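Okay, structure first, notes after.
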Amino acid sequence: MTQQTTPAADTLSHTFIRFALDAGVLSFGEFVTKAGRKSPYFFNAGLFNEGATLGQVAQFYAKTLLASGVSFDMLFGPAYKGITLASATAVALAGMGRNVGFAYNRKEAKDHGEGGTLVGARLQGKVVIVDDVISAGTSVRESMQLIRSAGAEPAAVLIALDRMERSGTADQIGERSAVQDVQREYGVPVIAIASLNDLLAYLDAGRDPALAASREAVAAYRQRYGV
């Protein structure tokens with residue numbers, strides 16, 4: 001499970017859900033996941049694609065990280081979505097009085113200029129990995145290796161949404177979620193701005209009557225695949 005949230009963070013999570021809905025990043029319908037499952041909702045962080053929305057989502061990331069109480073020295077953004085999210089979160093943190101460095105990786109090593117696969121601040125101290133979601137956990141595992149190889153310490157993984165969904169396919173369902181696998185394998189917390197439980201609570205609260213019909217489908221999906 002992701003790190004427990006405080007009542008204040010719960011309010012923040014619901015505000016984030018409303019923001020994601022308004023931005024079209026979170027939508028309801030019928031979608032097929034990479035695992036071949038038919039999901040009643042879809043979260044596409046790639047749609048945080050303009051200055052205003054990126055600035056707002058960075059505020060959510062920064063506030064969630066500070067509220068978590070996790071000790072950290074810098075941020076790391078896995079290519080590709082994590083690059084923008086980590087850099088924007090660093091800007092938001094600076095505006096809140098926490099000026100920290102950030103770095104990110106390239107998919108392919110550069111053989112000229114500064115070379116290598118890492119760009120930005122030198123990896124050191126306690127590093128928070130910033131990404132959108134954890135699906136298979138591949139980018140997180142690669143990030144862990146890069147951070148440790150540099151002599152730094154992974155401190156946490158910060159994501160926008162924890163789907164709280166067991167790994168596997170539509171027919172073969174694992175015992176744990178990708179988030180739980182990461183926490184178990186690396187011993188670091190995964191901090192989410194919002195989770196599937198938060199989404200269901202938001203729908204239960206009836207804040208948007210137009211979404212009432214989606215509640216049953218999301219609950220059924222949670223019942224079948226949830227951790």
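Quick look at the numbers
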quantity: Unmet criterion (only one of (1) open to solvent by 70 Å² or more (accessible area, probe 1.4 Å); (2) under 23 Å from Arg141 (Cβ atoms)) for Thr89; calculated: (1)
quantity: Candidates Gly226, Gly174, Gly206 - the one that is surrounded by fewer than 19 Cβ atoms within 10 Å (Cβ to Cβ) and at positive phi; calculated: Gly206
quantity: Pick from region 130-143, criterion open to solvent by 60 Å² or more (accessible area, probe 1.4 Å) and at pLDDT below 90, ranking: farthest from Ser87 (Cα to Cα); calculated: Ala136
quantity: Evaluation of Gly151 against (1) in contact with a His (Cβ under 9 Å, 6 or more places away or on another chain); (2) free of Cβ contacts under 8 Å to residues at least 40 places away in the same chain (one fails), failing number; calculated: (1)
quantity: Which numbered condition Val91 fails, given (1) of a type outside the set (Phe, Trp, Tyr); (2) in contact with a helix residue (DSSP H, G or I) (Cβ under 8 Å, 6 or more places away or on another chain); (3) under 29 Å from Asn197 (Cβ atoms); calculated: (3)
quantity: Given (1) farther than 10 Å from Phe76 by Cα; (2) in contact with a strand residue (DSSP E or B) (Cβ under 9 Å, 6 or more places away or on another chain), index of the condition Ser143 fails; calculated: (1)
quantity: Members of region 54-86 that are closer than 17 Å to Arg98 by Cα and small (Gly, Ala, Ser); calculated: Gly55, Ala58, Ala62, Ala67, Ser68, Gly69, Ser71, Ala86
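Yes or no, residue by residue, for (1) of a type in the set (Asp, Glu); (2) surrounded by 14 or more Cβ atoms within 10 Å (Cβ to Cβ); (3) more than 19 Å from the chain's Cα centre (by Cα); (4) part of a loop (DSSP other than H, G, I, E, B):
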| site | (1), (2), (3), (4) |
| --- | --- |
| Val119 | no, yes, yes, no |
| Val128 | no, yes, no, no |
| Leu161 | no, yes, no, no |
| Arg166 | no, yes, no, no |
| Val179 | no, yes, no, no |
| Ala194 | no, yes, no, no |
| Leu200 | no, yes, no, no |
| Ala212 | no, no, yes, no |
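The values are calculated or read from the model by the stated rules, or taken from the named source; none is laboratory data. Remember, predicted model here, so these are calculated numbers, not experimental data. Counting neighbours? That spans all protein chains shown, and the Cβs are built from the backbone with ideal geometry, glycine included. Quick note on the areas: whole protein, heavy atoms, side chains included, nothing else; ligands and nucleic acids left out. Shrake-Rupley method; radii C 1.70, N 1.55, O 1.52, S 1.80 Å.
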